[in-house]
Every structure is written in C-alpha cells, then in structure tokens.
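Inspection log for the structure reproduced underneath, given as structure tokens.
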C-alpha cells in the first residue's frame with residue numbers, strides 16, 4: 001500500500017524526523033448516523049487509506065521552529081469532514097492555541113461528509129470559531145490548499161489563512177463541478193476553480209509545489225521572531241532638514257514625476273533583506289496598484305502596503321486596492337508586526353466603478369483602521385501624494401518623506417483649475433498650498449526627510465538604501481513603546497496638527 005498523501009506531505013514540509021502525532025482514537029459516530037453500512041464504509045476507508053480519519057494532526061518543526069499541523073487525507077472518504085473529523089481538527093487547533101504554536105493547515109477535501117448530513121455540516125462553524133480564536137490570540141495560521149479542496153472545507157478553515165498558498169493545478173472552489181453539472185445540466189466553466197485563477201483574483205497569495213512550501217513557511221515564521229534588542233540600528237541615514245538650496249514646490253513635483261524615479265518595487269528589490277509578496281484582498285479582488293507583502297528591512301520585519309506608481313499608470317487605484325491595504329492592516333494587528341505604508345500615487349480612480357465600489361468609504365475605513373492600530377506604524381511619502389488615496393495610508397506614528405515627496409488634496413493642475421479656472425497656474429497653487437516635504441516637516445506632519453542627492457532617479461540604489469535604513473531606525477525606536485503610548489501619541493498628533 002502506498003504511503004498516505006498526508007504523511008508524504010508532512011515528510012516533505014517538516015524537518016526530518018520532527019513530526020509527532022496528536023491523534024487519538026476518533027470520537028464515536030453520531031447515533032443518528034450509526035448504521036452497519038456506514039461502519040463498513042469507515043472500516044474500508046481505514047484499510048484503504050492507512051489512516052483512521054480524514055485528517056491527521058500533530059506537531060513538528062520547520063527550519064527548527066515548532067509548529068502545529070493539521071492535514072487532510074483525501075483517500076479517507078474524499079477527505080470529508082464528519083463529526084469525529086471535526087472534533088480532531090478542533091482539538092488540534094485549540095491545543096495549538098493553548099501552546100502558543102503557529103498552525104499550518106493543509107486541505108484536500110470534498111467538504112462535508114454526506115453520510116452524517118446536517119450534524120457534520122454544523123461542525124464547520126465550530127472549526128471556523130477555533131481558527132478565529134487562534135488568530136485572535138496573535139498566532140499565525142498558514143493554509144496550503146491541495147487538490148481538490150471544495151465545499152465546506154474551502155468555506156471554513158480553508159479560507160481563513162493569514163497567508164494562503166495553493167498547489168499548482170489544484171481544483172479549489174466552493175461548489176464541486178460534479179454537483180454543478182448535476183444541478184444545472186451543464187459543465188462548470190473550465191479554468192475558474194483553479195489555484196492559478198484564484199491567485200489572479202487575490203484569493204490565494206502564491207501557487208507553489210509542496211517541496212517549496214517549507215521554505216516559504218520558514219520565511220513567514222522567521223518574520224514573526226522578536227526583534228533582537230542587541231542588534232544595533234543603522235547609523236543616521238537621513239537629514240531632518242533638506243540640503244540647501246531648497247527646491248521649490250513645482251521642481252519637486254516635476255522631479256517626482258520622472259518615469260525613472262524608484263518606486264515601491266525598487267525599494268523592495270534594492271533595499272529589503274526579505275520580501276514575501278501577498279496577493280490582493282483575500283476576498284476576490286487583486287487590488288491593482290497596491291502591493292502587499294511581508295518585508296524585512298535590516299533586522300526588523302513588517303507588513304508593507306505600498307502604492308505602485310507604475311501599475312497605477314495602467315489601472316488607477318480603486319476601492320479594491322484600499323481593501324487590500326486594509327487586509328495588510330489586519331494582518332499587522334493580528335500577527336503583532338509593525339506596519340509600513342508607502343505613498344506614491346497620482347490619485348484614486350475617478351470612475352463609475354470606483355464610486356459604486358465604495359471608494360470614499362474605503363478611504364474612510366483605511367484612515368480609521370490605520371490610526372487605531374495597536375502595532376508600530378510608519379508611512380513613507382516616497383513621491384507623489386495626491387488626494388484621498390495618499391491620505392488613506394499616511395496617519396502613522398512616524399512619517400518619513402523623500403526630499404521631493406509632496407502631499408496635496410488634488411493634483412496641482414486640478415487645484416489650479418478650481419481656484420483660477422485654468423490649470424496654467426499649477427506651480428503657484430502648489431507653492432501656496434505648502435505641499436513640499438520640507439513644508440510638511442516644518443508643520444509637524446513629517447518627522448524625517450530622506451535626502452536625494454540631488455534626485456532619487458539618478459541614484460536609485462543609494463536612495464532606496466537610505467529609505468530602508470530610515471524605516472528600520474524608525475521602527476526600532478517605536479518597538480519599545482507600549483501600544484497605549486503609541487496610540488495616545490498618534491491620536492494627539494493628528495488631533496492638534498495645524499493648530500497654533
């Protein structure tokens with residue numbers, strides 16, 4: 001008999017010899033479902049699969065870090081979830097929570113066990129509650145969606161991961177194709193319920209074979225290690241006043257619009273020490289124009305949400321991008337990681353779709369979520385900062401600005417049109433609105449200015465290195481403060497900004 005798929009996966013992902021089972025004898029079959037025929041099915045499934053239930057649970061190590069695991073075994077009645085299966089899952093999840101362990105869940109299931117009907121179906125609520133309590137305890141929950149994952153499993157513990165990875169080519173969906181065909185008399189469209197399609201729609205963060213899962217999981221778990229207080233911060237990377245002579249507002253605006261100017265992807269590529277990209281909202285939107293990732297700058301890990309200026313040239317920031325940003329804020333809060341936001345935008349999408357998609361409400365919710373986060377927060381005004389899309393990511397504990405970064409309610413040309421009836425006086429309006437980073441610094445809205453010598457586009461590696469070093473320094477200074485201290489200071493700052 002070949003080894004169970006669940007055992008092969010655990011052997012692939014966990015450190016050699018580290019797995020220790022948590023499983024005990026499965027709970028009895030519910031009386032309402034206890035028939036000789038069903039008992040025979042269970043016995044045959046045990047014999048055929050080599051396991052005694054549709055999930056295997058336990059603990060092991062990934063790159064030396066202790067981790068709890070729950071893994072489906074599809075060969076046991078199609079990995080379906082009965083009452084005993086759910087009890088085993090819930091017990092493992094609760095034990096992982098009690099022992100403060102991150103949890104890796106690997107699914108492969110047709111969903112609820114039809115032989116047990118409504119009682120098994122209702123147990124999905126208890127599984128989801130256990131996962132939610134685990135996450136609420138500040139513990140990581142990682143999900144690997146294997147082929148196939150459908151029905152109630154995908155609609156419960158398969159869709160609650162902080163980070164979700166899927167097996168290449170895996171069938172993943174709520175409604176099984178056979179059920180759809182039986183109900184509608186036609187085949188479900190090809191290519192919809194695939195791991196790759198879900199990734200394109202922001203439901204899955206990555207599509208990776210099992211032999212690469214351990215590497216990604218190890219990097220995610222390493223991001224959650226406490227910052228070593230003995231590691232010295234980098235030296236002073238920036239000035240708190242820009243070099244003289246100061247550029248006027250229009251010069252900074254013109255410089256910030258250069259196509260060659262480094263953006264958030266350049267910052268990550270050139271200056272971050274590790275980057276784990278995440279995809280979209282996790283709720284069916286790719287969040288075009290905004291990048292979400294787990295990132296390490298020097299010795300400090302964080303959740304990063306960053307506006308991608310070049311992607312916005314193809315598709316302006318819409319409500320989906322801000323919902324992606326809010327996912328990042330939730331991740332930071334739940335995992336206890338600092339949040340870094342990078343602002344570089346020509347403004348939010350002005351379209352029917354954006355209005356009907358709730359753009360204004362998403363800006364408001366970003367502002368509320370960001371100002372109330374319990375973790376350290378730093379925003380970086382990397383270049384253009386236009387309108388509500390820029391403001392939505394700005395109110396943080398510390399604000400860093402590039403020398404030629406700027407912030408304005410409208411593009412200068414639009415503001416000029418409102419004030420003067422023509423865009424031709426944009427330069428004068430920009431100057432009068434005090435949009436420059438140095439103006440914002442003197443007003444108390446910016447804390448640190450990262451210099452450009454004389455233009456970031458001409459020194460991308462050096463400039464992004466200074467930005468990364470500044471982020472690390474700012475985060476390390478914030479980490480020792482209590483969450484309440486940070487929250488009080490943040491509220492006071494934005495409550496009094498601009499008052500004499």
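Could you check region 377-395 and list, in sequence order, the residues that are more than 14 Å from residue 474 (Cβ to Cβ) and in a strand (DSSP E or B)?
382, 383, 384, 385, 386
Could you list all residues from region 156-198 that are in contact (Cβ under 8 Å) with a residue 40 or more places away in the chain and surrounded by fewer than 20 Cβ atoms within 10 Å (Cβ to Cβ)?
Within region 156-198, 168, 176 meet the criteria.
It is to be established whether one or more residues within region 131-150 are in the same structural domain as residue 204 (by TED's automatic domain parsing), more than 24 Å from the chain's Cα centre (by Cα) and over 22 Å from residue 205 (Cβ atoms).
Checked against the condition, which is being in the same structural domain as residue 204 (by TED's automatic domain parsing), more than 24 Å from the chain's Cα centre (by Cα) and over 22 Å from residue 205 (Cβ atoms), region 131-150 yields no hits at all.
In this structure, does residue 45 turn out to be more than 25 Å from the chain's Cα centre (by Cα), assigned to a helix (DSSP H, G or I) and surrounded by fewer than 24 Cβ atoms within 10 Å (Cβ to Cβ)?
yes
Residue by residue through region 362-376, note down the ones that are assigned to a helix (DSSP H, G or I) and touching a helix residue (DSSP H, G or I) at 6+ places or on another chain (Cβ under 8 Å).
Within region 362-376, 362, 363, 365, 366, 367, 369, 370, 371, 372 meet the criteria.
Can you tell me how many residues in region 70-114 are closer than 22 Å to residue 147 by Cα and outside any helix (DSSP H, G or I)?
22
In the list 125, 108, which residue meets the criterion of being surrounded by fewer than 23 Cβ atoms within 10 Å (Cβ to Cβ) and modelled with pLDDT of 95 or more?
Among 125, 108, only 125 is surrounded by fewer than 23 Cβ atoms within 10 Å (Cβ to Cβ) and modelled with pLDDT of 95 or more.
Test residue 275 against the stated conditions and say whether it is surrounded by fewer than 23 Cβ atoms within 10 Å (Cβ to Cβ), modelled with pLDDT of 95 or more, within 21 Å of residue 224 (Cα to Cα) and under 14 Å from the mean Cα position of the chain (by Cα).
Spelling it out, residue 275 is indeed surrounded by fewer than 23 Cβ atoms within 10 Å (Cβ to Cβ), modelled with pLDDT of 95 or more, within 21 Å of residue 224 (Cα to Cα) and under 14 Å from the mean Cα position of the chain (by Cα).
Just to confirm my filter: which strands (runs of 3 or more DSSP E) fall fully inside region 273-354 and include at least 2 residues that are in contact with a helix residue (DSSP H, G or I) (Cβ under 9 Å, 6 or more places away or on another chain) and closer than 17 Å to residue 381 by Cα?
290-297, 300-307, 339-345
Go over the candidates 462, 445 one by one and state the one that is free of Cβ contacts under 8 Å to residues at least 60 places away in the same chain, assigned by TED's automatic domain parsing to the domain that holds residue 366 and either part of a loop (DSSP other than H, G, I, E, B) or crowded, with 17+ Cβ neighbours inside 10 Å (or both).
Just one listed residue meets the conditions, 445.
What are the residues in region 22-41 that are surrounded by 12 or more Cβ atoms within 10 Å (Cβ to Cβ), closer than 21 Å to residue 91 by Cα and modelled with pLDDT of 95 or more, if any?
Those that are surrounded by 12 or more Cβ atoms within 10 Å (Cβ to Cβ), closer than 21 Å to residue 91 by Cα and modelled with pLDDT of 95 or more: 22, 23, 26.
Within region 349-356, is even one residue touching a strand residue (DSSP E or B) at 6+ places or on another chain (Cβ under 7 Å), modelled with pLDDT under 95, buried (at least 21 other Cβ atoms within 10 Å of the Cβ) and on the phi < 0 side of the Ramachandran plot?
yes
Select from region 296-320 the residues that are farther than 26 Å from residue 131 by Cα and under 15 Å from the mean Cα position of the chain (by Cα) and list them in ascending order.
Within region 296-320, 296, 306, 307 qualify.
Say whether the condition of being crowded, with 19+ Cβ neighbours inside 10 Å and closer than 19 Å to residue 202 by Cα is met by at least one residue in region 381-391.
no
Taking the residues in region 396-420 that are in a strand (DSSP E or B) and in contact (Cβ under 8 Å) with a residue 60 or more places away in the chain as candidates, determine which candidate is farthest from residue 436 (Cα to Cα).
Filtering first and then ranking leaves 398.
The values are calculated or read from the model by the stated rules, or taken from the named source; none is laboratory data. Just so you know, these numbers come straight off a predicted model, no measurement behind them. Don't worry about glycine lacking a Cβ; one is built from the backbone with ideal geometry, like all the others, and counts go over all protein chains shown.
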